[in-house]
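Below: the structure, in C-alpha cells.
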Amino acid sequence: MNEKDIWEIIGKMTLEEKAALCSGKDFWHMEGVERLGIPPVMVSDGPHGLRKQDDKADHLGVNESIKAVCFPAGCATACSFDEDLLERMGSTLGQECRAENVSVLLGPAVNMKRSPLCGRNFEYYSEDPYLAGKMAAALIRGVQSWQVGTSVKHFAANNQEYRRMSGSSNMDERTLREIYLAAFETAVKEAKPWTVMCSYNRINGTFASENRKLLTEILREEWGFDGFVMSDWGAVNRRVDALHAGLELQMPGPCPEDDAELVRAVQNGELSEDELDRAVERMLRIILRYEQAEVPQAVFDREADHQIAADIEKECAVLLKNDGILPLRRGAKVAYLGGFAAKPRYQGGGSSHINSTRVSSALECAPEGVVYEEAFPADRDEWNEEAVERAVRAAKDAEVAVIFAGLPDSFESEGYDRSHMRLPDCQNELIRRVLEVQKRVVVVLHCGSPVETPWADEVPAVLCLYLGGEGVGEATDALLYGDANPCGRLAETWPLRLEDNPSYLNFPGDEDGVSYAEGVYIGYRYYDKKKMAVRWPFGHGESYTTFAYSNVRLSSEGKKVRVLVDVTNTGAREGKETVQLYVEDCTGTPGRPVRELKGMKKLSLLPGETKTAELELDDRSLSWYSEKLHGWYAATGTYRILLAHSSRDVRGEVTLTYFSKQRIPLHVHRNTTVGALLADPRTAPILQEVIEKAKSVLAPAEDAPGEAASEAITEEMSRQMLFNSPLRAAQMFFGMSKAEIDALIEKLQKAVDA
Ligand code: BGC
C-alpha cells in the first residue's frame, strides 16, 4: 500500500474512528477499522519469548499465556557481546510471532543498569550504552526480518521500579544524552524499530508520555524515527498532551473517555485534525506493513527453538573464576547441591514471563552417577540443618561439589526493587559449611543482576548463568563438562558490595524524584575513575583456553578508521574471544571517564589458530556530549585506543591523533579565567602576548633588595594565581585600566567568533 492509499483511507475515516485508533481495542490489540479493511492487529510481550495471552490479559505476568519458548533474558544475552547471535535469536522470535499472528513484539528493553538493585535489571542489557545499543539493534533486525515490528522500551531513563509510574529521573543534559538515551539512539538509527514504547516515569519533571522534546524533537526530528510511539501499559497522564508530545498509541485499551477527549480537543481547537491524522497515518503505515508483508510461511517449532535457546545460553554464561577445577571430567564423582540444580531460575517475573514449553535442569541433564542434595530450596531463604548436613556429607564424599545458588523469584522482579544485594543467607552459609570439608567447589549462579559473593576468594570456580532460558539445563551441563567452552563477558560490573555502587547515595530517591547525581559515571566509568577494586570488572569472563593479542594497528580508508589486532588461541581447546575496544581521551578534556567501550568483535578460534579482529571507529567513538554545543564533540589531541580482554585487562594499544573542526562556544567576559583562555587555541596567542608584555613591565629589578622566596615556589605560585584569575584581575596584576580590559575582552571575543 502506498502513501496515497493510506491518506485515502484516512479521508474516509470519521473523527471518532481516528480517535479510537489512538488507543488499544483491548489489552493486546490495536483498534482496527473493519469497514475500511484495517484489522485489529495484536501486540505481545517479549522480549525473550512470546507472552501471547489469548484469554485473560494482564501486564504483570499473572495469567497464563500460550506455551512458548523462553530464551535467555537480556541480562544473559548481553554477555554474549555477539550481534550475530542476537540477530539469530531475533529472527527466531520474529518467525514465532508471524506463526502466532503477532504484529509487534514488545521489546527489547534497553534501559541502563544504574543500580544493581533495579528489579527489572534482568530484562535489561547493560550498564554500558554502546553494548546495550548494539545488542538491541541486532535483536530488532532479526525480529523485523520477518516483517514483525518491535517496540524498543522503556523510553527513557526508566532505571528503577520504585515509584515507577510517577517518579522523576532527574539529570543533566549530558548524562541523559551520553548514557540514558544513547542505547535508544543506536537502536533507532541502526535498526529502525517499527515502534517505541515510552516509559512510565517522568524525566526532569515531565512525564515521558508528554515529553515532546523526547518523543518528537529527539526521537523523530533528530534520530529519524519513522514508526509510532505507544505508551507503556497505563503510562498516559493526560491524553491530549500526550498526542501533542508525539505519543500515537495509548495502551492498553479500550479508553473511551480518552478517545472522547481527543474528539473534543479537535472540536474545540485544542488539537488540529491534521495532528490527529498524522498520528493515524503513522499507525496505519505499520499495521499495513505487517498485514501486507510477503514473507515465507512461518512455523513455531517449539522443539527446534528450545534447542536454539539452549545453544544461545552456551554463548552467554560467564565463567567468573576458574582455578583449573573446570571443566569437570565425565565419570568424576560429583555432588550437585542446592535447589537450583533441580529447579533452575531461568527467567524473571512480570510482564516478560513466558509460559515455557519445557524447562531443562542441570540435574536432569547430568551424567549418571552425580549425586544430588537439595540443601536449600530454590524459592526462599530457609535453613534446614538436616538437609544441610546431608549436603555437607555428600560434598565430603565427592571429588567436586557443585553448588547451584542464586536469587529466588521473590528477590528480584518487575514491580519492585531489591532491598539488598545479597544472596539468601542460607546459601552463603551452605557454601561456607561445604568449604570446611571440600575445597573443590564450583558455584553456579542463577540471577538477573550481580550479587555479593563474600566467598569468592575461597571458591575455586564460579559460573554465572544469569537467567538462562528454558534450555539452561543442557547449557549448564555442556559448560560444566567442557562440551561447550564458556565465552560470555560481563555486561556490567560486579562490585564488592552494594555501597560501592555510584548510585548508592541517590537510589531510589523520593516523592520529588531521583537524582542521577553521579552523572555519566555509571558502572565501570565510576569504578575506573575512582580506581576502585571490584569483584569482577565489566567485560570480564574466563575461558577453558587462553588467547594472545599481537600486532595492533590502525588502517584508514577515506573517512573510515579501522583498528586491527591479531588474536591467537594459545590453549588446547577451541574457544571464543571477545576483543573489546576502549577509548581513552588524552586531550586533557576534564570530566571524561577513564575509558569507554566503543567496539567489540567475537572470534571463534581453534587451538593454535590466529585470526584478525577488525573493529571500526565511528564519529561517536571519541566524542562526548557538550552542553555548550548541545551536540557531540571530540577535542583535538590524542586518544589511546585499547584492545582488551576486559575493561581492566588491556592487551594492546595504539594512539590516534584527532583534529577537531568544531569549537566549543566561548563567551568572553570580565570573569572568564586566564586559564580557560590559555587552554583555547583561539584566544591563547592574544593572551600570551599580554602576559609577556606585562612580565617585562612588572619584572623586579635584578638587584632588588631583600631575600626572595624560593624561586620554584614563587614561579609556581604566580603561574597558578594567574591561571585562576578572572580577566578583571588584570587591573591588579598588570596595571591595566578598565578600558584596556574591555578592549582586550572585545579582541578575544572577536578571535573566538572569527
Ligand atoms: C511493562 C512493559 C510491558 C507492558 C505490557 C508493562 O507493565 O512495563 O514492559 O511491555 O506492561 O505487558
Quick one: Gly119 ticks every box in (1) over 19 Å from Ser356 (Cβ atoms); (2) more than 14 Å from the ligand (Cβ to nearest atom); (3) of a type outside the set (Phe, Trp, Tyr) except a single one, so which number is it? (2)
List pairs: first residue in the stretch 195-206 and farther than 15 Å from Asn170 by Cβ and among the hydrophobic types (A, V, I, L, M, F, W, C), second residue within 11 Å of the ligand (Cβ to nearest atom) and open to solvent by 10 Å² or more (accessible area, probe 1.4 Å) anywhere in the structure, Cβ distance under 7 angstrom, at least six positions apart or on different chains. Met197/Asp232; Cys198/Asp232
The condition from (1) surrounded by fewer than 20 Cβ atoms within 10 Å (Cβ to Cβ); (2) within 16 Å of the ligand (Cβ to nearest atom); (3) under 20 Å from Asn159 (Cα atoms) that Asp409 misses is numbered (2)
Answer yes or no as to whether Glu161 is open to solvent by 20 Å² or more (accessible area, probe 1.4 Å) and either away from the ligand (no atom under 13 Å from the Cβ) or in contact (Cβ under 8 Å) with a residue 60 or more places away in the chain (or both). no
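Check whether at least one residue in the stretch 292-300 is under 30 Å from Leu243 (Cα atoms) and more than 16 Å from the ligand (Cβ to nearest atom), and report yes or no.
First, pick out the residues of the stretch 292-300 that are under 30 Å from Leu243 (Cα atoms): 292-293.
Remaining after also requiring more than 16 Å from the ligand (Cβ to nearest atom): 292-293.
Yes, some residue in the stretch 292-300 is under 30 Å from Leu243 (Cα atoms) and more than 16 Å from the ligand (Cβ to nearest atom).
Do we have Leu262 as touching a residue at least 24 places away in the same chain (Cβ under 8 Å), within 16 Å of the ligand (Cβ to nearest atom), touching a helix residue (DSSP H, G or I) at 6+ places or on another chain (Cβ under 8 Å) and not basic (Lys, Arg) here? Full working, then the answer.
Values: touching a residue at least 24 places away in the same chain (Cβ under 8 Å): yes; within 16 Å of the ligand (Cβ to nearest atom): no; touching a helix residue (DSSP H, G or I) at 6+ places or on another chain (Cβ under 8 Å): yes; not basic (Lys, Arg): yes.
Answer is no for this residue.
In the stretch 588-619, which residue that is modelled with pLDDT under 95 and at negative phi is surrounded by the most Cβ atoms within 10 Å (Cβ to Cβ)? It would help to see each step written out before you state the result.
Of all residues in the stretch 588-619, those modelled with pLDDT under 95 come to 588-590, 618-619.
Narrowing further to those that are at negative phi: 589-590, 618-619.
Values: Thr589: 15, Pro590: 6, Asp618: 12, Asp619: 9.
Among them, the one singled out is Thr589.
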Do you know which of the residues in the stretch 494-544 that are touching a Gly at 6+ places or on another chain (Cβ under 8 Å) and polar (S, T, N, Q) is most open to solvent (accessible area, probe 1.4 Å)? Ser515
Quick check on this structure: which one of Ala245, Ala235 is over 20 Å from Gly149 (Cα atoms), open to solvent by less than 10 Å² (accessible area, probe 1.4 Å) and more than 16 Å from the ligand (Cβ to nearest atom)? Ala245
Sort out which residues of the stretch 195-225 are within 16 Å of the ligand (Cβ to nearest atom), open to solvent by 40 Å² or more (accessible area, probe 1.4 Å) and under 11 Å from Ala157 (Cβ atoms), and write them in order of number. Arg202
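Suppose we filter Gly468, Gly482 for residues that are surrounded by fewer than 24 Cβ atoms within 10 Å (Cβ to Cβ), assigned to a loop (DSSP other than H, G, I, E, B) and touching a residue at least 24 places away in the same chain (Cβ under 8 Å); which single one remains?
Details: Gly468 fails: surrounded by fewer than 24 Cβ atoms within 10 Å (Cβ to Cβ).
Exactly one residue qualifies, and that residue is Gly482.
Surrounded by 22 or more Cβ atoms within 10 Å (Cβ to Cβ), over 17 Å from Val472 (Cβ atoms) and free of Cβ contacts under 8 Å to residues at least 60 places away in the same chain: is that true of Ala401 in this structure?
No; evaluated as a whole, the condition is false for this residue.
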Output for Cβ contacts, cut-off 9 Å, separation at least six or different chains, first residue in a helix (DSSP H, G or I) in the stretch 305-322, second at pLDDT below 95, reads Asp305/Thr357; His306/Thr357
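Has the stretch 175-188 got at least one residue that is aliphatic (A, V, I, L, M), open to solvent by 10 Å² or more (accessible area, probe 1.4 Å) and away from the ligand (no atom under 16 Å from the Cβ)? Give the steps one after another, and end with the answer.
If we filter the stretch 175-188 for residues that are aliphatic (A, V, I, L, M), which is where we start, we get 176, 179, 181-183, 187-188.
Retained after the next criterion (residues that are open to solvent by 10 Å² or more (accessible area, probe 1.4 Å)): 176, 182.
Checking which are away from the ligand (no atom under 16 Å from the Cβ) leaves us with 176, 182.
Yes.
The values are calculated or read from the model by the stated rules, or taken from the named source; none is laboratory data. If you're wondering where the values come from, they're calculated on a predicted model, not measured in any experiment. All Cβ positions, glycine included, derive from the backbone under ideal geometry; neighbour counts span all protein chains shown. Remember, those area values only see protein heavy atoms, side chains included, never the ligands or the DNA or RNA. Shrake-Rupley method; radii C 1.70, N 1.55, O 1.52, S 1.80 Å.
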